[in-house]
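The values are calculated or read from the model by the stated rules, or taken from the named source; none is laboratory data. Keep in mind the model is a prediction, meaning the values are calculated, not measured. Cβ: placed from backbone, ideal geometry, glycine included. Neighbour counts: every protein chain shown.
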Amino acid sequence: MTKREIVIAALSHQDTPVVPYDIGFTIPMRDKMIDYLGDPDFESKIEGYFIGCEYGGWATEMPDKPGYFKDAYGVVWNRSGVDKDIGVIEEFVIPEPDISLIPNFTLDEARLRRDLENVVNNAGDRFTMGGVGFSLFERMWTLTGMENALIYMLKNPEFVHALLDSIVDLNMRVIDISGEYPLDGMRFGDDWGQQFGLIMGPPHWRTFLKPQLARMYGRVHEQNRFVIQHSCGDISSIYEDLIEIGLDCHNTFQPEIYDIEKIKAEIGDRMSFWGGISTQQLLPYATPEVVESETRRIMSVMSKGGGFIVSPTHSVPYDVPPENIMAMLKVFQNQ
């Protein structure tokens, strides 16, 4: 079986000869691994199962402010500090809950098509994905501020609905353009969870986010592609909702939050999971021997009957020892 065929089988809840895997790194951790291995091209040797691109507004460095990046939504990100990957928002694009202040979001279609063509042309035998980062709630709060976004859900629901409609209108264009290319799936990034439960709570998630997600998932399924949703944190209270509206795979599945045996038994035949190797506890703090044994255990539990893609639960941060990355990769690559 090709890598693509193995991923499709896993997402279709079929047993596979090996568990497909994926791994990504933060910029500081990537540099750390290059120093450790003495190989600037080490990522190409990991031989993962996926290739994709993600529309997220393409933040570009501001010529007059080194370390500051502005995206297509007008958000300015300060990456001059510790966070070199995403950054900290400088100011709010929408300072008040006024529908007239919602910008007319635009899409650089030519750039998106170049990214998609690059994925297709370099796929080899891998599973291919398009995607939208900061796709819904996250895009809202990057424009308004997190606290304001939550307050507006309570006090200004019409504004929230209007803003999310505008965000998803653009997302649908990305989905439709992506649908013109031979991709296997679409991944949406949107963090909803805390360590325990949802940031906005299930009722507000169902009121504001669920209808918009159903709209996006439905369009992807019309194109006969898999839907993958990234959300950090504990989102178990809405798993049934996500299954109802057609989610195929939840990324990222954090073992320090969930009882993995229980979750696998209850819904593992209806939804797939992506993640499992903790960047919060296991990878930063365990010994390489424990990383290896725990990686094997998690893969054994979660891959029964398919439905699992093994991966660190987030892009690997700088505090992880390179030796632990190598211990994890040893298990991934020697199944």
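Looking at 289, 261, 294, 266, can you tell me which residue is crowded, with 21+ Cβ neighbours inside 10 Å, of a type outside the set (Val, Ile, Thr) and either on the phi > 0 side of the Ramachandran plot or over 20 Å from the mean Cα position of the chain (by Cα) (or both)? I'd like the intermediate steps shown before the answer.
Details: 289 fails: crowded, with 21+ Cβ neighbours inside 10 Å; 261 fails: crowded, with 21+ Cβ neighbours inside 10 Å; 266 fails: crowded, with 21+ Cβ neighbours inside 10 Å.
Result of the check over 289, 261, 294, 266: 294.
Taking the conditions exactly as written (closer than 20 Å to residue 231 by Cβ and either assigned to a strand (DSSP E or B) or modelled with pLDDT of 95 or more (or both)), does residue 167 satisfy them or not? Spelling it out, residue 167 is indeed closer than 20 Å to residue 231 by Cβ and either assigned to a strand (DSSP E or B) or modelled with pLDDT of 95 or more (or both).
Of all the listed residues (290, 301, 320), the sole one being part of a loop (DSSP other than H, G, I, E, B) and over 21 Å from residue 126 (Cα atoms) is 320. Out of everything in the range 1-59 that is among the hydroxyl-bearing types (Ser, Thr, Tyr) and under 21 Å from the mean Cα position of the chain (by Cα), what residue ends up being surrounded by the fewest Cβ atoms within 10 Å (Cβ to Cβ)? Top of the filtered list is 44.
For the range 138-187, filtering for residues that are of a type in the set (Lys, Arg) and more than 23 Å from residue 86 (Cα to Cα) leaves 2. Scanning the range 111-144 for residues that are of a type in the set (Asp, Glu) and farther than 15 Å from residue 51 by Cα yields a single hit, 138. Condition check for residue 95 on (1) touching a Leu at 6+ places or on another chain (Cβ under 9 Å); (2) surrounded by 13 or more Cβ atoms within 10 Å (Cβ to Cβ): one failure, at (2). Considering the range 170-186, and only residues there that are farther than 18 Å from residue 126 by Cα and either at pLDDT below 95 or of a type outside the set (A, V, I, L, M) (or both), the residue that is farthest from the chain's Cα centre (by Cα) turns out to be 180.
With the requirement that a residue be among the polar types (S, T, N, Q) and touching a strand residue (DSSP E or B) at 6+ places or on another chain (Cβ under 9 Å), what does the range 127-182 give you? Explain how you work it out, then say what you get.
If we filter the range 127-182 for residues that are among the polar types (S, T, N, Q), which is where we start, we get 128, 135, 142, 144, 148, 156, 166, 171, 178.
Passing the criteria: 128, 135, 142, 171, 178.
Going through (1) among the hydroxyl-bearing types (Ser, Thr, Tyr); (2) surrounded by fewer than 14 Cβ atoms within 10 Å (Cβ to Cβ); (3) under 21 Å from residue 221 (Cα atoms) one by one, residue 128 falls short only on (2). Against the list (1) in contact with a helix residue (DSSP H, G or I) (Cβ under 9 Å, 6 or more places away or on another chain); (2) in contact (Cβ under 8 Å) with a residue 60 or more places away in the chain; (3) hydrophobic (A, V, I, L, M, F, W, C), the condition residue 227 fails is (2).
Yes or no, residue by residue, for (1) closer than 25 Å to residue 106 by Cα; (2) in contact (Cβ under 8 Å) with a residue 40 or more places away in the chain; (3) crowded, with 16+ Cβ neighbours inside 10 Å; (4) touching a helix residue (DSSP H, G or I) at 6+ places or on another chain (Cβ under 9 Å):
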{"site": "158", "(1), (2), (3), (4)": "yes, yes, no, yes"}
{"site": "168", "(1), (2), (3), (4)": "yes, yes, yes, yes"}
{"site": "175", "(1), (2), (3), (4)": "yes, yes, yes, yes"}
{"site": "202", "(1), (2), (3), (4)": "no, no, no, yes"}
{"site": "206", "(1), (2), (3), (4)": "no, no, no, yes"}
{"site": "209", "(1), (2), (3), (4)": "yes, yes, yes, yes"}
{"site": "215", "(1), (2), (3), (4)": "yes, yes, yes, yes"}
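Condition first: over 19 Å from residue 280 (Cα atoms), more than 18 Å from the chain's Cα centre (by Cα) and in contact (Cβ under 8 Å) with a residue 60 or more places away in the chain. Can you find one or more residues in the range 248-258 that meet it? No; the residues of the range 248-258 include none that is over 19 Å from residue 280 (Cα atoms), more than 18 Å from the chain's Cα centre (by Cα) and in contact (Cβ under 8 Å) with a residue 60 or more places away in the chain. In the set (1) over 17 Å from the mean Cα position of the chain (by Cα); (2) in contact (Cβ under 8 Å) with a residue 60 or more places away in the chain, residue 139 fails one condition alone, (1). The number of residues in the range 244-278 that are of a type in the set (A, V, I, L, M), within 19 Å of residue 208 (Cβ to Cβ) and not in a loop (DSSP other than H, G, I, E, B) comes to 0. Screening the range 186-200 for residues that are touching a strand residue (DSSP E or B) at 6+ places or on another chain (Cβ under 8 Å) and either polar (S, T, N, Q) or within 22 Å of residue 57 (Cα to Cα) (or both) and picking the one that is surrounded by the most Cβ atoms within 10 Å (Cβ to Cβ) gives 186.
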